[in-house]
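Report on the structure given below.
Rule-based calculations on the coordinates, nothing more; no lab input. This structure is a prediction, so every number in the text was calculated from the model and none was measured. Cβ atoms come from the backbone with ideal geometry, glycine included; neighbour counts cover every protein chain shown.
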Amino acid sequence: MKIATWNVNSLKVRLPQVIAWLQENPVDALCLQELKQETDKFPLDAFKELGYQCAWTGQKTYNGVAIISKQTPLDITLNNPFFPDEQQRLISITVPSAIGDIRIICAYCPNGSSLESDKYTYKLEWFRALHQYLEQQLQKYPNLAVLGDYNVAPEDRDVHDKYSGDILVSPSEREAFQRLLDLGLSDSFRLFEQEEKSFSWWDYRMMGFRRNAGLRIDHILLSRPLRDLCTECVIDKQPRRNEQPSDHTPVIATITI
DNA sequence: ATGGCATCATTTTGATGA
């Protein structure tokens, strides 16, 4: 099976690209972030026509997450039960498979803005609560996949040379990300040999993509049983070359079940 | 030091993102 994550930066604007991508890449599950669309505006029919089912939660203007899946999503959980939050950033589903149920979690982690910002405090609190939720989920679901925009570049090799900011790479953010791995999750991209300077996001400004001035902040984390079955993880740069692209591009993991 | 681009909401400018 293949599972993927893509921050689309407005599903309304990007829907034709998402549909085209799914036709080219008929993954079993696609996690979307930054729908920027109210829940009742979700384009369910467009995905149904492709034979997909959906679980989603949205809000006006900001955030919003969805999981598009071939299997019927079961046990849909919106948000984090340990962290009351107006912002729609987290959704979980369960799908059946030959190795038993697989829990798929789609996350749009906060950006943080700057280290001095209240949004940064919120980001770290959000990660702490995510840690608590994943710890509980791992006990319940041994086959766990957590996909999304983490807004953390875990290591220096995940950051282009000229990046001058401290947000997304600060020690506290990296520690928060590492603490998720310490639960027994693996960054699937790093299970395999990869090209140097592999990124999943490029700034719209200053020709970021053309210069490959990017960051790797979109990740697929896998629990041990799924990690052992994971045979590939790739970043698909093609959608970033589209007209009117998202600033993020999809990451895809293959799990050979 | 700042803005640079894109999106959204309400406008001729601001908030947010990363």
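So which residue, out of A:Pro81, A:Pro26, A:Pro154, gets the largest mean-square fluctuation from a GNM of chain A using Cα contacts under 10 Å as springs?
A:Pro81
With no other cysteine's Cβ closer than 4.7 Å, which Cys residues of chain A count as lacking a disulfide-compatible partner?
For chain A, the answer is A:Cys54, A:Cys109, A:Cys230, A:Cys233, because their Cβ atoms have no other cysteine Cβ under 4.7 Å.
Going through segment A:33-78, which GluC sites (Glu not before Pro) have at most 15 other Cβ atoms within 10 Å and a DSSP loop state?
Sites meeting the loop and neighbour criteria: A:Glu38, A:Glu49.
Between segment A:26-88 and segment A:211-255, how far is it from one alpha carbon centroid to the other, in angstrom?
19 Å
Going out from 0 in 5 Å bins, what whole percent of all Cα-Cα distances in segment A:122-247 drops into each bin?
Distribution as computed: 2, 10, 20, 21, 19, 15, 9, 4, 1, 0 percent.
Counting helices only, and only those DSSP H runs with n ≥ 4, report the 222 nm mean residue ellipticity of chain A as the sum of -39,500 (n - 2.57) divided by its residues, in deg cm²/dmol to the nearest 500.
The per-residue figure over chain A is -7000 deg cm²/dmol.
Taking N as the number of residues in segment A:1-42, what is its alpha-carbon radius of gyration divided by 2.2 N^0.38 Å?
That ratio works out to 1.15.
Please give the contour-minus-distance gain from A:Asn111 to A:Ser198: 0.36 nm per residue of separation, less the Cα-Cα distance, rounded to one decimal in nm. Walk me through the numbers before you get to the answer.
Numbers: separation 87, 0.36 × 87 = 31.32 nm, distance 2.02 nm.
Difference between extended and current length: 29.3 nm.
Please report A:His131, A:His219, A:His248 as a ranked list, fewest other C-beta atoms within 10 angstrom at the top and most at the bottom.
Result, fewest neighbours first: A:His131, A:His248, A:His219.
What are the principal axis extents of the Cα atoms in chain A, in Å, biggest first?
Principal axes ranked by extent give 44, 40, 39 Å for the Cα atoms.
When only DSSP loop residues count, what GluC sites (Glu not before Pro) in segment A:116-190 have their Cβ near at most 10 other Cβ atoms within 10 Å?
Working: sites: A:Glu116, A:Glu125, A:Glu135, A:Glu155, A:Glu173, A:Glu175; in loops: A:Glu116, A:Glu155.
Sites meeting the loop and neighbour criteria: A:Glu116.
Where in chain A is the longest stretch that carries no trypsin sites (Lys or Arg not before Pro) classed as loop by DSSP and with at most 13 other Cβ atoms within 10 Å?
Formally, the longest exposed-site-free interval is A:61-161.
Which residue, A:Ile217, A:Ile104, A:Ile67, has the most motion in a Gaussian network model of chain A that connects Cα atoms within less than 10 Å?
Between A:Ile217, A:Ile104, A:Ile67, it is A:Ile217 that shows the largest mean-square fluctuation.
Report the Stokes-Einstein translational diffusion coefficient (µm² s⁻¹, integer) for segment A:162-222, Rh taken as the Kirkwood radius over Cα pairs, at 4 °C with viscosity 1.567 mPa s. Kindly include the intermediate steps, with their values, before the conclusion.
Details: Rh = 13.1 Å.
Answer, rounded: 99 µm²/s.
Report the dimensions of segment A:1-151 along its three principal axes from the alpha-carbon atoms, largest first, rounded to Å.
45, 37, 24
Do any of A:Lys2/A:Lys237; A:Lys12/A:Lys70; A:Lys12/A:Lys140; A:Lys162/A:Lys237; A:Lys36/A:Lys237 go past 27 Å between their Cα atoms, and which?
A:Lys12/A:Lys140
Find me the longest stretch of chain A that has none of the exposed chymotrypsin sites (Phe, Trp or Tyr not before Pro), where exposed means in a DSSP loop (not H, G, I, E or B) with at most 12 other Cβ atoms within 10 Å. Please report the intermediate quantities before stating the final value.
On the way: sites that count: A:Phe192, A:Tyr204.
Counting at most 12 other Cβ atoms within 10 Å as exposed, the longest clean stretch of chain A is A:1-191.
Is there a quick way to get the dipole size of chain A? I mean about its Cα centre, with the Cβ of Lys and Arg at +1 and of Asp and Glu at -1; what is the value in debye to the nearest 20?
On the way: 29 positive and 35 negative charges, 74 e Å.
Once rounded to the nearest 20, the dipole reads 360 debye.
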